[in-house]
Amino acid sequence: MRPAQLKLEQALKLHQDGRLDEAASEYRDILRTHPGHTDALNLLGMITIQRGNAVLAEQLFKRAIAGNDSVPAFHFHLGFSLEAQGKWAEAETSYRRVLELSPHEPEALNNLGNVLTASGRAEEAAACYRQLLQIQPDHAVAYNNLGNVLWHLGEKDDCESAYRKAIALKPGFAEALGNLGNRLREKEDFREALLCYQQAVAASPENPVLYNNLGVTLWALGKEDDAMGFYRKLGWLRPVNRR
């Protein structure tokens, strides 16, 4: 086995064990002697973006792609680093390249849908999520994301159905529970909305938006004292009627 490959395997083991500082040091050591080592560039990029430096990660992924343009993972990770920076058009290009190389890659379809959503292209985003769900029908996150774009498209009944499917697939899915609660509150179905928000808060107790929406719903049900308890928890004096 070539020394660089052996060193890469050792670094990858450290990476998988969560010993990121040591793994990053090993990847850099490989790159000192093999500056174009595509796997080391990609893996170091993954640690870099995990630590919140999307700009440096972007550079590392681009160097990996310059060495080998045919690896879907390199383009996916580049897309993720671009998306983290709000570079929607460039991220879209990266995710579409993933799908050229691997047409049925579900996470690339999901992230492409997210980028299209952020770009204000809800109908195209919905098509991405639906394509993903044909490939992987149990993808709860895709159902939740589909529900969000359907909300913005005004397809409220289909939006509600998507949120319910997300929750059926992933009980305790706080984001989908909160979103379904929003839809039910819009319909003035406050009792079921309250149940959704209560489950969402139990699953995600640090989310202030969920506490606020739970308080708004309690207020709508005439339970002002209970609602004020949630506002005091947030340090607020009155509800904010928000989605």
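The values are calculated or read from the model by the stated rules, or taken from the named source; none is laboratory data. Computed from a prediction, not measured in an experiment: that's the story for all the values here. Virtual Cβ from ideal backbone geometry, glycine too; neighbours counted across all protein chains shown. Accessible surface areas use protein heavy atoms only, side chains included; no ligands, DNA or RNA. Shrake-Rupley method; radii C 1.70, N 1.55, O 1.52, S 1.80 Å.
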If you fit an axis through the alpha-carbon atoms of helix 156-169 and take the longest principal axis of the Cα set of the chain, what angle between them do you get, 0 to 90°, nearest 10?
60 degrees
Rounded, prolate or oblate for the chain? Axes are the square roots of the Cα gyration tensor eigenvalues, ordered a ≥ b ≥ c, and the cut-off for rounded is a/c under 1.5.
prolate
Across region 202-211, in residue order, what do the Karplus-derived ³J(HN,Hα) couplings come to in whole Hz, using 6.51 cos²θ - 1.76 cosθ + 1.60 with θ = phi - 60° and x for Gly and Pro?
4, 7, 9, x, 9, 8, x, 5, 5, 4
Accessible surface, per residue, of region 1-142 when the full set of protein chains is kept, probe 1.4 Å, Å²
50 Å²
Checking rank on 141-151, 81-91, 198-208, 58-68, with mean other Cβ inside 10 Å and highest first, the result is 141-151, 58-68, 81-91, 198-208
Leaving ligands, DNA and RNA out of it, report the carbon-plus-sulfur percent of the accessible area of the chain at a 1.4 Å probe.
51 percent
The chain - mean residue ellipticity at 222 nm from DSSP helices (-39,500 (n - 2.57) per run, n ≥ 4, rounded to 500):
-24500 deg cm²/dmol
Need the C-alpha centroid separation for region 131-161 versus region 53-86, integer Å.
28 Å
How would you classify region 63-141 from its alpha-carbon gyration tensor, with a ≥ b ≥ c the square roots of the eigenvalues: rounded for a/c under 1.5, else prolate if a/b is greater than b/c, otherwise oblate?
oblate
What distance in nm lies between label points placed 7 Å from Cα along the C-beta direction at LEU153 and LYS187?
1.9 nm
3J(HN,Hα) from dihedral phi, region 143-148, Karplus parametrisation 6.51/-1.76/1.60, rounded to Hz, x for glycine, proline:
5, 4, 5, 4, x, 5
Cross-link partners among aspartates and glutamates for LYS87, C-alpha distance below 14 Å, same-chain residues fewer than 8 apart left out?
GLU58
Expected vector for region 181-197, Karplus 3J(HN,Hα) from phi with 6.51, -1.76, 1.60 and θ = phi - 60°, integer Hz, x for Gly and Pro, equals x, 4, 5, 5, 5, 4, 7, 6, 8, 5, 5, 6, 4, 4, 4, 4, 5
